[in-house]
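Asks: Before anything else, here's the structure in question.
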Amino acid sequence: MVVCLFMKLELKKISKFFPGIKALQSVDFSLKQNSIHALLGENGAGKSTLVKILCGVYQPDEGSIHLDGQKEVIQDPTASLNLGISAIHQESVMFDELSVMENIFIGNHITKSNRLVDWTSMEKKTIELLGNLEADIKPEEKIKDLSIAQRHIVQISRSLVHDADIVIMDEPTASLSQKEIDELYVIIRNLKKQNKSIIFISHKLDEVLEICDEFTVLRDGELIKTDLISNTNKDQLVTYMAGREISQIFPKKHVKIEDEIFSVKNLYKKTQFKNINFNLRKKEILGFYGLVGSGRTEVMKTIFGINKFDEGEVNFKNKNLNITKPKDAIKNGIVYLSEERQNLGMTGLMSVKDNINMAIMDKNSQYLILDKLKDLQNASELQEKLNIKVSYWSQLAQSLSGGNQQKTVIAKWLSTKPEVLILDEPTKGIDVRSKSAVHEFMGELVDSGMSIIMISSELPEILGMCDRVVVMYKGLIKNILEVSNTSSEEIVKLASGE
Amino acid sequence: MMNLIKNRDFILFSIIIFGVILVGIANPYFVKPSSLSDVLTDTSILIILALSQMIVILIRAIDLSVASNLALSGMLISLLSTVYPELPVVFFIILSCLIGTFLGVLNGVSIAILKVPFIVTTLGTLSIYRGLIYFVSDGKQVYSHEFSESFLALIHYKFLSLSFLFWVAVFVFVVMYILLNHTRFGRNLYSLGGNPDAAKYIGINENKYVILAYSISGFFAGLCGYLWVARYSVASTQIAIGFELTVISACVVGGISVMGGVGTVVGCTLGALLIGLIRNALPAVDISQFWQLAISGAIILIAIIINTKTEQRKDKTIMVE
Ligand SMILES: Nc1ncnc2c1ncn2[C@@H]1O[C@H](COP(=O)(O)OP(=O)(O)OP(=O)(O)O)[C@@H](O)[C@H]1O
Ligand SMILES: [Mg+2]
């Protein structure tokens, strides 16, 4: 019997500083072979920074890295791959103009004996990998033609192709729906069976408890706790992360739903969706559930005027709306928060404050002069409410952690106070505490007279927040259910076309 | 069929054929095999330079110094050949390529290591290399009778009644095709140009690729230095002046996106062919100098519009009707 004397991976006293920010302070971390290790912490705790150090994207300012007992310096991403470490990063590191197959193999193309790229083998391997994930994606498709979730699946395949000993997954399940998540679990468990070590980052604590063996919690760049999963529970994890006990679930505020305010009739777009009929009542939260690629986002994008529809009508306050571009929708008080937040929602080189206030500049100015005080008030109010971790007000949005970027964009659209708010995966990638803050905020908004449509792939969120849920499957509405009168089983069944 | 029409290479190809037919109607002499083969010969250097420029454009840069590089390499070997006429022509060709590569490496190092923006660097070397020609030649020309016979003979060699120049272009086309489609180096160029941030994550060393891309561009500028002086049997301070703009328009017409990461070897070659055709055909149908400029400008604009139209994102089928 081989006894493993060393940890697979050991980080000793790792620190990483950015100007004015201590992202990691003297963190110890050890990873066993044959183990799924959860790396937990609130947005901005330092998880992704740790991952980037392991991948050679950042160099630690202090501390050392040991692999199988041997000290290593990971000077660049190639070195990291050669040491058997591969990662799915939180931000998309994809090449839009290249094919799916090439994105999977990029930097690591299979070559023939004559050193030319072996396209046939790569295609075969791609089909196999995507098949394992039961993804309906063709190897030759360009990334720019894929949805967010499909891109995510390609990223997952990329990390699997290297056959690395250590696989790091930074929020792999954000933006996937239950079916794809289940398939991912099968793959992760298989990896473990093959004696690999997995670092798993997620804000969904239920899944962490389900598939992980160990956990490490970081808070403000410091190590708080590391232990076996079997020794803990959800509440305790939340307490470790937040640093104090918090009640996680804000029960949804009860509001009295009023009359219909918005409706969509027989919306049809070639190859995308058809017979889309639903209405939204004042002060209602209407959920949209479905598998990845079921057409939910496409419907919302056409309603908002980003894409055009072929037939059908959109009515708002008993008036037929003719929306041809997003500006028309915004003018009418309809706002859509896209799921592609980093690309469409944020200006990375602007400060957090300016990002939050971008959409309401007009409202905050008098005689064209910006009211700085009002600006700051609005920003700090939302920053506090959503718990956006900024180190200083002028911090550029691009240097925020992934979750905090999301929250910044949410704050930006919430400041516009529209009448109909369409949210696409609003809590994707944000920590437990902020998630309940967003939920609480949504409750307040409907109470104040707003109506909300929320696309979400998370069933608990749909069941907890919505009054009714529209279930979509392959571009069609399967059914519209009263949430109080349905079960998660029924919704999942409808969503998978049964 | 829809795919075929959407394929921009196919559109470009059709435009070229259509153009040849149109000019042929106006001037039947133009479509005789011998004059068509002259057009090809005339376009060969453009094809070679467009393909090497493409490598630089793929990584979101531009090499404005190619024409000056070509002229300087060409002048240096011409001067040398007047002093050592007995040396074999192969020696001069290799030397020209080496000089070109060296000048290309200088560009690359300035951009990658010294971090001087590529526009500034290559705009600078455009003048510096051109200036050096005056310096080395004292502003004089090398005339055809001063070249050795072997120096000029190679260029007149024909195979299957097509010129040596044309076959060099074919060879470069094949090499570039393999390089960009079937080697890791080539594919990494696409990824670096497509998303430089993401390329870092997969371990692509940007500096190395920048230097290599400019070296390749320089190498082919050097090669064309020999081809140019041999073809026109003259080396002067003025050769190929402004040719870099023709090269870049060939790339743009050929669908090489200046935003980086997009473009094919076939497209680029077709772009060069179209530009070459225009340059040869317009004089053949007696169009005034002014109109020639306007028409080439219009064609370039149309090509760019076609580019943006064919590059639009297509919707993925969700619902099967
Ligand atoms: N390039 C950078 N420049 C400056 N600060 C940075 C940079 N990258 C990260 N930070 C800061 O370091 C801290 C840790 O960020 P990190 O991305 O590691 O958080 P995280 O735990 O991954 O959070 P999330 O759950 O939101 O993804 C944050 O305060 C962030 O603003
Ligand atoms: Mg992160």
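The values are calculated or read from the model by the stated rules, or taken from the named source; none is laboratory data. Everything numeric here is computed off the predicted structure, so don't read it as measured data. So basically every Cβ, Gly included, is an ideal-geometry build from the backbone, and we count neighbours across all protein chains shown. What goes into the accessible areas is simple: the full protein's heavy atoms, side chains included, and nothing from ligands, DNA or RNA. Shrake-Rupley method; radii C 1.70, N 1.55, O 1.52, S 1.80 Å.
Asks: Mind pulling up the Rg/Rh value for the stretch A:122-209? Radius of gyration and Kirkwood radius, both on Cα.
Replies: 0.95
Asks: For chain B, which whole-number percentage of the solvent-accessible area (1.4 Å probe, protein heavy atoms only) is attributable to carbon and sulfur atoms?
Replies: Its accessible area is 71 percent carbon and sulfur atoms.
Asks: Can you bin every Cα-Cα distance in the stretch B:151-274 into 10 Å intervals starting at zero and give me the percent of pairs per bin, rounded to whole numbers?
Replies: P(r) for the stretch B:151-274, in whole percents per bin: 11, 35, 34, 15, 4, 0.
Asks: Of A:Leu376, B:Tyr232, A:Val93, which is farthest on the positive side of the dipole of the protein assembly as shown, counting Cα position, with +1 on Lys and Arg Cβ, -1 on Asp and Glu Cβ, and the Cα centre as origin?
Replies: Toward the positive end, the furthest listed residue is B:Tyr232.
Asks: Now for a different question. Please figure out what share of the DSSP beta bridges in the stretch A:9-242 is antiparallel and state it in percent, rounded to the nearest 5.
Replies: If I count the DSSP bridges inside the stretch A:9-242, around 55 percent turn out antiparallel.
Asks: Taking chain B, how many lysine pairs are there with alpha carbons less than 24 Å apart, if each pair must be eight or more places apart or span two chains?
Replies: Counting lysine pairs in chain B gives 7.
Asks: Can you tell me the orientation of helix A:119-132 relative to chain A, as the angle in degrees between its alpha-carbon axis and the longest Cα principal axis, to the nearest 10?
Replies: Once rounded, one gets 70 degrees.
Asks: Right, another one. Once ligands and nucleic acids are excluded and a 1.4 Å probe is used, how much of A:Cys466 is accessible, expressed in Å² to the nearest 10?
Replies: Near enough 10 Å² of accessible area.
Asks: State whether the stretch A:177-314 is rounded, prolate or oblate according to the following rule on the C-alpha gyration tensor (a ≥ b ≥ c being the square roots of its eigenvalues): a/c under 1.5 gives rounded; otherwise a/b larger than b/c gives prolate, and the remaining case gives oblate.
Replies: In terms of gyration-tensor shape, oblate.
Asks: On to the next question. Which whole number gives the average, over all residues in B:193-201, of C-beta atoms from other chains lying within 10 Å of the residue C-beta?
Replies: 6
Asks: To continue, here is another question. Please sort A:272-282, A:132-142, A:195-205 by packing, taking for each peptide the average over its residues of neighbouring beta carbons within 10 angstrom, highest first.
Replies: Peptide ranking by packing, descending: A:195-205, A:272-282, A:132-142.
Asks: Mind listing the long-range amide H neighbours of A:Ile110? Cut-off is under 5 Å, sequence gap 5 or more, other chains count too, H placed in the peptide plane at 1.01 Å from N.
Replies: Residues meeting the amide H criterion: A:Asp118.
Asks: Something else: What is the Cα convex hull volume of the stretch B:132-195 when expressed per residue in Å³?
Replies: Taking only Cα atoms, the stretch B:132-195 has a hull volume of 164 Å³ per residue.
Asks: Pairs A:Lys389/A:Lys412; A:Lys274/A:Lys417; A:Lys144/A:Lys319; A:Lys283/A:Lys385; A:Lys270/A:Lys478: which exceed 25 Å Cα-Cα?
Replies: From the list (A:Lys389/A:Lys412; A:Lys274/A:Lys417; A:Lys144/A:Lys319; A:Lys283/A:Lys385; A:Lys270/A:Lys478), the Cα-Cα distance tops 25 Å for A:Lys274/A:Lys417; A:Lys144/A:Lys319.
Asks: A further question follows. Stick to the Cα atoms of the stretch A:9-242, pair each with every other, and give me the Kirkwood hydrodynamic radius in Å at one decimal.
Replies: Mean inverse Cα-Cα distance, inverted, gives 18.3 Å.
Asks: Which residues of the stretch A:271-296 bury at least 50 Å² of accessible area once all protein chains are present, versus their chain alone (1.4 Å probe)?
Replies: A:Thr271, A:Gln272
Asks: Sticking with this one: Please get the size of the charge dipole for chain A, origin at its Cα centre, with Cβ charges of +1 on Lys and Arg and -1 on Asp and Glu, quoted in debye to the nearest 20.
Replies: Computed charge dipole of chain A: roughly 760 debye.
Asks: Also: Could you work out how far helix A:178-193 tilts from the main Cα principal axis of chain A, as a 0 to 90 degree angle to the nearest 10?
Replies: Rounded to the nearest ten degrees, it is 10.
Asks: May I pose another question? Which helices count as membrane-span-like in chain B under these terms: full DSSP H, at least 18 Å along the axis by C-alpha, Kyte-Doolittle mean of 0.5 or more?
Replies: Within chain B the helices that satisfy the rule are B:8-26, B:33-58, B:66-83, B:89-112, B:118-137, B:164-182, B:206-232, B:265-284, B:289-310.
Asks: Which value, in debye to the nearest 20, describes the size of the charge dipole of the stretch B:45-306 about its Cα centre when Lys and Arg Cβ atoms bear +1, Asp and Glu Cβ atoms bear -1, and nothing else is charged?
Replies: Around 500 debye, computed over the stretch B:45-306.
Asks: Give the residue from B:Ile306, A:Thr173, A:Leu191 lying farthest towards the positive end of the charge dipole for the protein assembly as shown; charges sit on Cβ (+1 for Lys and Arg, -1 for Asp and Glu) and the dipole is referred to the Cα centre.
Replies: B:Ile306
Asks: Return the subset of A:Lys253/A:Lys301; A:Lys301/A:Lys325; A:Lys52/A:Lys407 for which the Cα-Cα distance in this structure is over 19 Å, preserving the input order.
Replies: A:Lys253/A:Lys301; A:Lys52/A:Lys407
Asks: If you don't mind, another one. When only the heavy atoms of the protein chains count and the probe is 1.4 Å, how do B:Phe171, B:Phe220 rank by accessible area, highest first?
Replies: In descending accessible area the options line up as B:Phe171, B:Phe220.
Asks: How big is the shadow of the Cα convex hull of the stretch A:260-495, averaged over all directions, in nm²?
Replies: Dividing the Cα hull surface by four gives the mean projection, 12.8 nm².
Asks: Need one word for the stretch B:1-154: rounded, prolate or oblate. Basis is the Cα gyration tensor (sqrt eigenvalues a ≥ b ≥ c); a/c below 1.5 gives rounded, then a/b vs b/c decides.
Replies: Judged from the Cα gyration tensor, the stretch B:1-154 comes out oblate (a/c at least 1.5, b/c at or above a/b).
Asks: With the full set of protein chains in place, find how many percent of the accessible area of chain A is carbon and sulfur; take the probe as 1.4 Å.
Replies: Reported share for carbon and sulfur atoms: 48 percent.
Asks: Which order do the peptides A:156-164, A:15-23, B:18-26 take when ranked by the mean count of other beta-carbon atoms within 10 Å per residue, highest first?
Replies: Descending packing order for the listed peptides: A:156-164, A:15-23, B:18-26.
Asks: Residues of the stretch A:86-107 losing 40 Å² or more of accessible surface, assembly versus chain alone, probe 1.4 Å, please list them.
Replies: The answer is A:Val93, A:Phe95, A:Glu97, A:Leu98, A:Ile106, A:Gly107.
Asks: Projected onto the charge dipole of chain B (+1 at Lys/Arg Cβ, -1 at Asp/Glu Cβ, origin at the Cα centre), which of B:Phe10, B:Leu165, B:Leu293 gives the Cα projection farthest towards the positive end?
Replies: Among B:Phe10, B:Leu165, B:Leu293, the one farthest towards the positive end of the dipole of chain B is B:Phe10.
Asks: With all protein chains present and a 1.4 Å probe, how do A:Asp467, A:Asp170 order by accessible area, largest first?
Replies: Output order, biggest surface exposure first: A:Asp467, A:Asp170.
Asks: Something else: Over all pairs of distinct alpha carbons, what does the Kirkwood formula give as the hydrodynamic radius of the stretch B:45-306, in Å?
Replies: Evaluated on the stretch B:45-306, it is 18.8 Å.
Asks: Any idea of the total accessible area buried by the B-A contact, 1.4 Å probe, rounded to 100 Å²?
Replies: Counting protein atoms only, the buried area is about 3000 Å².
Asks: Another question, if that's okay. Using a 1.4 Å probe, what is the accessible area per residue for the protein assembly as shown, in Å²?
Replies: On a per-residue basis, 44 Å².
Asks: Given the stretch A:370-498, report the % of alpha carbon pairs whose separation exceeds 26 Å.
Replies: So the pairs more than 26 Å apart make up 31 percent of the total in the stretch A:370-498.
Asks: Here is a follow-up. Pull up the DSSP beta bridges for the protein assembly as shown and report the antiparallel fraction as a percent, rounded to 5.
Replies: For the protein assembly as shown, the DSSP antiparallel bridge percentage is about 60.
Asks: Report, to the nearest 10°, how far helix A:402-414 tilts away from the longest principal axis of the Cα atoms in chain A, using its own Cα long axis and a range of 0 to 90°.
Replies: Value to nearest ten degrees: 10.
Asks: So, one more: Binned at 20 Å from 0, what are the whole-percent values of the Cα-Cα distance distribution for the protein assembly as shown, short to long?
Replies: For the protein assembly as shown, the pair-distance distribution reads 14, 39, 32, 14, 2.
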